[in-house]
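Structure record follows, encoded as structure tokens.
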Amino acid sequence: MRRTGPGVLIVAAVLGIAAGFGVDSALTAAGRATFTPAVTLPILLVLLGALAVLLALPVRRAVRGGQPTDPFRAVRTAMLAKASSIVGAAVAGFAGGLAVFLLSRPTSPSVGSLTAIIATAVSGAILVAAALVAEHMCTIPKDDDDEQPGSTGAGPDA
């Protein structure tokens, strides 16, 4: 499994920006109020980042201590971290799109809605950072008996 690259995160953020701007544009065109994220969303994003790091700690300790590591646990935790980083980038982008729309309007936005949007964008970025750290912590070194890249696993007798 490869680590999450910056390209994937940038694409998720750009798609999130477009979605956030589009949602607010559509709501305004329909004569409805703009979208404001719930106050609990930033809290949940930060808690998800903390959970990803906490789940990666035992894997990191086992690898550093030279103890046998459960590879399935490491993969599950790494996949949670990978998904969390992509979701964090998309949510931060979505909040960024909401902010761009609100700030591009001729009227000044309310402080409450802008604060919730900024808090969501910041907590999305925090989730990305925490998830990337957790993904790095789940890296297990290769064993000596692992196959080299490009080899078929067949010996010279095959």
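The values are calculated or read from the model by the stated rules, or taken from the named source; none is laboratory data. From a predicted model like this one, the values you see are computed outputs, not experimental measurements. Note: ideal-geometry Cβ built from the backbone for every residue, glycine included; neighbour counts use all protein chains shown.
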Between a residue in segment 41-63 that is without any contact (Cβ under 8 Å) to a residue 12 or more places away in the chain and any residue that is surrounded by 15 or more Cβ atoms within 10 Å (Cβ to Cβ) and not aromatic (Phe, Trp, Tyr), which pairs come within a Cβ distance under 7 Å, given they are 6 or more apart or on different chains?
Ala62/Thr69
Only one of Leu48, Leu44, Leu57, Leu27 that is at pLDDT 90 or above, under 18 Å from Thr120 (Cα atoms) and either in contact with a Lys or Arg (Cβ under 7 Å, 6 or more places away or on another chain) or surrounded by fewer than 17 Cβ atoms within 10 Å (Cβ to Cβ) (or both):
Leu44
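To keep it simple, each residue is scored yes or no on (1) of a type in the set (Gly, Ala, Ser); (2) in contact with a Ser or Thr (Cβ under 6 Å, 6 or more places away or on another chain).
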| residue | (1), (2) |
| --- | --- |
| Ala29 | yes, no |
| Pro37 | no, yes |
| Leu44 | no, no |
| Arg61 | no, no |
| Phe72 | no, no |
| Ser113 | yes, yes |
Residue check, Val39 against (1) closer than 15 Å to Leu114 by Cα; (2) β-branched (Val, Ile, Thr); (3) over 22 Å from the mean Cα position of the chain (by Cα), all met but one. Which one?
(3)
Options Ala74, Ala116, Ala83; residue that is at pLDDT below 90 and either more than 26 Å from Thr4 (Cβ to Cβ) or not in a loop (DSSP other than H, G, I, E, B) (or both)
Ala74
Restrict the check to segment 52-63 and report whether at least one residue is within 13 Å of the chain's Cα centre (by Cα) and on the phi < 0 side of the Ramachandran plot.
yes
